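Undergrad: Input: one structure, supplied below.
The values are calculated or read from the model by the stated rules, or taken from the named source; none is laboratory data. The structure presented is a predicted model; accordingly, all values stated were derived computationally and were not measured. Cβ placement follows ideal geometry from the backbone for every residue including glycine, while neighbour counts extend to all protein chains displayed. These accessible areas exclude ligands, DNA and RNA; they are computed on the full protein's heavy atoms, side chains included. Shrake-Rupley method; radii C 1.70, N 1.55, O 1.52, S 1.80 Å.
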Amino acid sequence: MSASGKGDRLDWWRQARFGMFIHWGVYAIPGRGEWIMYQEHIPVEEYAALADQFNPQAFDPSAWVAAAQNAGMKYMVLTARHHDGYCLFDSKVSDFTSVKKAAKRDFVAEFVEACRAADMRVGLYYSLIDWRFPGVLPRSLNRDAATCRPMVEQAHAQVRELLTQYGTIDILWYDMLDPHDPVLWRSRELNAMARELQPDILINNRAGLPEDFGTPENQVVAEDRAWEACYTMNRSWAYCPTDRNYKPARELIRLLASCASGGGNLLLNISPDAEGHIPLEQDLTLKEIGRWLRAHGKAIYGAVKPPFEAPGLGMASRVGDRIYLLLQRWPGTTLPFAWCGSTVTAARLLATGQDLRIEQRGDRVWLHGLPADAPDLNLNVVELEFDGEPRASEPPYQ
Ligand code: GLC
């Protein structure tokens with residue numbers, strides 16, 4: 001239930017289906033990923049010098065928002081603070097912040113403002129672990145509650161800051177409950193505070209409690225509750241110019257389709273450079289996904305699991321009483337599918353808008369009149385209407 005009592009607080013999020021994740025911080029300067037402090041065993045003081053250099057004059061969050069909007073994304077989640085402890089926001093309980101160091105700016109404030117100006121939903125990522133605290137690294141150490149207490153106190157204070165300083169925050173995206181012990185972190189209390197400060201906020205499961213949604217990482221796992229797969233475009237979360245392992249737009253579109261057909265969301269990551277620019281490959285990919293969504297978004301936004309699929313041809317999604325066949329391969333001029341327990345009354349190809357001729361015998365259906373070659377090079381979609389609610393002829397198997 002939402003705080004106002006009107007519907008479910010997850011309604012907008014289920015409708016959204018596609019969001020932008022942003023990993024950005026001082027680690028963008030060396031450009032070897034956000035784990036560099038740990039991976040290269042950089043002492044706290046040496047790492048801290050990065051904050052004296054991090055001063056992105058070109059930072060313009062409205063450009064990020066525009067890129068997300070053009071890509072068809074409906075919400076954005078920014079790393080307010082990652083494992084390295086550097087805060088992109090003003091914090092009374094830390095001196096390692098963008099406001100107190102070289103940049104002298106509150107990036108979270110600017111980001112939230114840019115989102116609000118464009119009606120974009122806002123999420124903040126917050127890493128519970130902070131590698132700067134004594135005794136927290138190496139991870140293999142047996143860290144007891146007393147060692148972790150200052151870090152836990154900081155987390156409670158900073159979550160409070162993030163949820164009081166910037167108006168409405170739609171999503172609280174925790175990460176790295178390490179040690180993995182919700183009692184040590186007082187996660188229940190933390191989330192109760194978050195909900196008191198922001199009654200409609202959505203909270204992920206990474207403070208060790210289930211809360212609103214699951215977060216499969218770099219994999220699609222359809223859960224029986226709200227879930228969101230988060231994915232990198234290459235193999236790095238943060239800026240890493242030597243990582244050229246980019247997934248083609250076509251693959252990411254299929255990923256989005258598979259999330260939607262499983263009733264889940266895709267949170268696709270970008271990794272801006274130290275000036276805040278989105279790398280060219282990422283920008284081009286976002287534009288390509290946006291082009292596809294403008295023609296095929298009806299199959300994605302608000303999609304849930306369908307009662308039947310198109311086995312052999314691909315996936316399907318359901319929006320209202322319509323079914324969308326998300327074709328993994330082009331069938332040629334006739335598209336056969338089966339297990340359809342309702343009468344198909346209309347069928348059209350979204351890429352061209354053309355109506356298809358329907359032939360139905362029992363639960364077997366043939367759609368005629370498709371072009372010989374696939375009109376969309378990424379992913380083609382056929383929209384189906386029925387004489388009522390769509391049903392499978394047999395209960396769907398898992
Ligand atoms: C992992 C990584 C972290 C990244 C996150 C995104 O937990 O440790 O660097 O931010 O995944 O889901």
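Undergrad: Given the C-alpha centroids of region 4-33 and region 277-348, what is the distance between them in whole angstrom?
TA: First find each Cα centre; the distance between them is then 23 Å.
Undergrad: Mind telling me which of Pro182, Pro311, Pro248 comes out most flexible in a GNM of the chain, alpha-carbon contacts under 10 Å?
TA: In the Gaussian network model the winner is Pro311.
Undergrad: Same structure, new question: Given that compact globular proteins tend to follow 2.2 N^0.38 Å, what is the ratio of the alpha-carbon Rg of region 314-386 to that value?
TA: 1.00
Undergrad: Let me ask something else about it. Mind checking which lysines have their C-alpha under 22 Å from Lys100, skipping anything on the same chain fewer than 8 residues away?
TA: Those lysines meeting the cut-off are Lys92.
Undergrad: Compactness ratio of region 6-299: Cα Rg over 2.2 N^0.38 Å, N = residue count?
TA: 0.95
Undergrad: Would you please give the residues with an amide H less than 5 Å from that of Cys87, counting only those at least 5 places away or on a separate chain, with H modeled from the backbone geometry?
TA: Counting only residues 5 or more places away or on other chains, the set is Thr97, Ser98.
Undergrad: Using DSSP, restrict attention to beta bridges with both residues in region 75-150 and report what percent are antiparallel, rounded to the nearest 5.
TA: Antiparallel bridges make up about 10 percent of those DSSP assigns within region 75-150.
Undergrad: Related question: Using a 1.4 Å probe on the protein heavy atoms, what percent of the accessible area of region 270-345 belongs to carbon and sulfur?
TA: 56
Undergrad: Moving on to the next point. How much of the DSSP beta bridge set in the chain is antiparallel, as a percent to the nearest 5?
TA: Antiparallel bridges make up about 50 percent of those DSSP assigns within the chain.
Undergrad: Okay, next question. Taking Cα pairs under 8 Å and at least six residues apart, what relative contact order does region 6-299 come out at, in percent?
TA: 25
Undergrad: Using the Karplus equation 6.51 cos²θ - 1.76 cosθ + 1.60 (θ = phi - 60°), what ³J(HN,Hα) coupling, rounded to whole Hz, does each residue of region 298-306 give in order, writing x for Gly and Pro?
TA: So the Karplus estimates, Gly and Pro as x, are 4, 7, 10, 5, x, 6, 10, 4, x Hz.
Undergrad: Right, next: Please determine, in degrees from 0 to 90 and to the nearest 10, the orientation of helix 249-261 with respect to the longest principal axis defined by the Cα atoms of the chain, where the helix direction is its Cα long axis.
TA: 80
Undergrad: With Cβ to Cβ distances under 15 Å as the rule, what net charge do the other residues near Thr232 carry (K, R +1; D, E -1)?
TA: Neighbourhood net charge equals -3.
Undergrad: Now for a different question. In degrees, nearest 10, range 0 to 90: what is the angle between the Cα axis of helix 145-164 and the longest Cα principal axis of the chain?
TA: That works out to roughly 60 degrees.
Undergrad: Defining a contact as two alpha carbons under 8 Å apart and six or more residues distant in sequence, what relative contact order in percent does region 111-210 show?
TA: Contact order relative to length: 32 percent.
Undergrad: A follow-up question, please. Please report, in debye to the nearest 20, how large the charge dipole of the chain is about its Cα centre when each Lys and Arg carries +1 at its beta carbon and each Asp and Glu carries -1 there.
TA: 520
Undergrad: If only Cα atoms are counted, what is the Rg of region 163-234, and what is its Dmax, in Å?
TA: Answer for region 163-234, Rg first and Dmax second: 13.1, 38 Å.
Undergrad: Between beta-carbons, use under 12 Å as the cut-off and find the net charge around Pro30, counting Lys and Arg +1, Asp and Glu -1.
TA: With Lys, Arg at +1 and Asp, Glu at -1, the net is -4.
Undergrad: Amide H to amide H, which residues 5 or more places from Leu267 or on other chains are under 5 Å from it, using H placed in the peptide plane?
TA: Gly19, Ala229, Cys230, Tyr231
Undergrad: For region 21-101, what is the accessible area per residue in Å², given a 1.4 Å probe and the full set of protein chains?
TA: Ligands and nucleic acids excluded, the result is 36 Å² per residue.
Undergrad: Cα axis of helix 61-70 to longest principal axis of the chain: angle in degrees, 0 to 90, nearest 10?
TA: 10
Undergrad: Quick one: Cα centre-to-centre distance for region 195-260 and region 85-105, in angstrom?
TA: With region 195-260 and region 85-105 each reduced to a Cα centre, they are spaced 27 Å.
Undergrad: How many Å² of accessible area per residue for region 311-398, probe 1.4 Å?
TA: 49
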